[in-house]
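*Asks:* Below you'll find the structure I mean.
Read the figures in this text as sums done on the coordinates, not as results from a lab. These figures come from a predicted structure and were not determined experimentally. We place every Cβ from the backbone using ideal geometry, glycine too, and count neighbours over all the protein chains shown.
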């Protein structure tokens, strides 16, 4: 889904999230922001790794400027996705930001050790997501 706005280049975001309501709310926040985004979504870690490795139906996918990753997902969780990303010299150059319901300091520490650039606790509404998106833009612009 291309979400168009009038500033700078289109930011390619790859979102890995299994909750349809969270996907919808996050896409709405991207749409309402003051930047232009192209957001692609995978609903679990296995699909995410196929996308990132350009396998199967994903051979023509855009290269992401940022990965927005949930931790708690079926089949392959966010920690496992981070471990796989870190094994690939090209993929580990893509900044990863975690967006999770977990407020666990242990999870935050583990994510940091797996080279994620940021950890955000999922906000409950659009206003909180707008703040997250501004942080994501900063990550992309400063990578």
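*Asks:* Just to be sure, is residue 59 without any contact (Cβ under 8 Å) to a residue 60 or more places away in the chain and closer than 22 Å to residue 32 by Cα?
*Replies:* Spelling it out, it is not the case that residue 59 is without any contact (Cβ under 8 Å) to a residue 60 or more places away in the chain and closer than 22 Å to residue 32 by Cα.
*Asks:* Which of the numbered conditions does residue 98 fail, given that it passes all the others? Conditions: (1) in contact (Cβ under 8 Å) with a residue 24 or more places away in the chain; (2) part of a helix (DSSP H, G or I); (3) closer than 22 Å to residue 128 by Cα; (4) touching a strand residue (DSSP E or B) at 6+ places or on another chain (Cβ under 9 Å).
*Replies:* Against the list (1) in contact (Cβ under 8 Å) with a residue 24 or more places away in the chain; (2) part of a helix (DSSP H, G or I); (3) closer than 22 Å to residue 128 by Cα; (4) touching a strand residue (DSSP E or B) at 6+ places or on another chain (Cβ under 9 Å), residue 98 comes up short only on (2).
*Asks:* Sticking with this structure for a sec: Out of the residues in region 101-133 meeting the condition of being in a helix (DSSP H, G or I), touching a residue at least 60 places away in the same chain (Cβ under 8 Å) and within 16 Å of the chain's Cα centre (by Cα), tell me which one is surrounded by the fewest Cβ atoms within 10 Å (Cβ to Cβ).
*Replies:* 130
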